[in-house]
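Please treat every number below as a calculation from the coordinates, not as lab data. Note that this is a predicted model, so its numbers are computed, not measured. Here the Cβ is made from the backbone with ideal geometry for all residues, glycine too, and neighbour counts use every protein chain on show.
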């Protein structure tokens, strides 16, 4: 069984738990909007990693469904708010929620999902025999999400206040993705699964060492896919990072090699809000990215961190339990950066 097959094995159980906590009730239109992103579902990578890690360390799947559902709900409410902050037009192949119902109602729907997540975690804590590990999971969720919103602030501050790629750096880029991607997308879910299996601090540290390079590679690949993937496959409009004015290795490398005049033009485009960027602006950026090898540079970095992830996995093999789930979890680290969407 590979990681994708593992996800599909448990997808319906996780989704059903979400529906249990977010039933369609009065006012029906509100709850249908609250459920919109959850009903579209997604890759389920985060709940998949949580459950898989839990099973590697001996937890029963039935003890992992609720925290896995909370993990997926956290992704859904964060995406609602992300799409508003980024003025995104599409999510999971369909119109973004604020496009469907307006910003105010979309924010409210995201808030509803947010409080549902904490309700799920509270119910997990009070279940018989769960108090100690439930409290640890609650604290891990808080820490993980605190780091995530810190990273979101740093990124938003650049997009909406700094607005000059010349004032960004690779250190800034990695600071953002270490918070938003490595922790939240990879090793945080794995640590939560391990906590559900009553693992110790040493195990959590080991999972961080495995998950960090895999998370970095995952995000760099995501940036490349934003530039190259089929929109129907990727589920988002192409060139979203350019329209939003995000910091990426692609643009940092392009800017570094550009002439003085080209840098001035690039920064003038980055100063514009998404709605004011023209097709000519985006084509100019694409031309410079192509001229200075921005995508090739990012692919090289993704390969570097992918290799680092493999080595981290290899060093960890003897420290992990060996069972039917171990190989799936280790291969999942590779799947994170060898992907098409």
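Here residue 139 passes the criteria (1) in contact (Cβ under 8 Å) with a residue 12 or more places away in the chain; (2) farther than 27 Å from residue 252 by Cα except the one numbered (1). Screening residue 129 against (1) assigned to a loop (DSSP other than H, G, I, E, B); (2) under 18 Å from the mean Cα position of the chain (by Cα); (3) surrounded by fewer than 19 Cβ atoms within 10 Å (Cβ to Cβ) leaves a single unmet condition, (2).
Residue under question is residue 166, and the condition is that it be outside any helix (DSSP H, G or I), over 19 Å from the mean Cα position of the chain (by Cα) and surrounded by fewer than 20 Cβ atoms within 10 Å (Cβ to Cβ); does it hold? Quick ask: steps written out before the conclusion?
Values: outside any helix (DSSP H, G or I): no; over 19 Å from the mean Cα position of the chain (by Cα): yes; surrounded by fewer than 20 Cβ atoms within 10 Å (Cβ to Cβ): yes.
When the stated conditions are applied, residue 166 does not pass them.
Report, by residue number, each residue of the range 32-45 that is in contact (Cβ under 8 Å) with a residue 24 or more places away in the chain, assigned to a helix (DSSP H, G or I) and within 28 Å of residue 192 (Cα to Cα). Of everything in the range 32-45, those that are in contact (Cβ under 8 Å) with a residue 24 or more places away in the chain, assigned to a helix (DSSP H, G or I) and within 28 Å of residue 192 (Cα to Cα) turn out to be 34, 36, 37, 38, 40, 45. Of all residues in the range 276-294, none satisfies being surrounded by 15 or more Cβ atoms within 10 Å (Cβ to Cβ) and either closer than 19 Å to residue 79 by Cα or out of contact with any helix residue (DSSP H, G or I) (no Cβ under 9 Å at 6 or more places or on another chain) (or both). For the range 183-195, the criterion of being touching a residue at least 60 places away in the same chain (Cβ under 8 Å) and either more than 30 Å from residue 131 (Cβ to Cβ) or not in a helix (DSSP H, G or I) (or both) is satisfied by no residue at all. A single entry from 176, 159 fulfils the requirement of being in a helix (DSSP H, G or I), under 16 Å from the mean Cα position of the chain (by Cα) and more than 20 Å from residue 118 (Cβ to Cβ): 176. Could we say that residue 282 is closer than 18 Å to residue 222 by Cβ and either in a helix (DSSP H, G or I) or touching a strand residue (DSSP E or B) at 6+ places or on another chain (Cβ under 9 Å) (or both) here? Criteria not met by residue 282.
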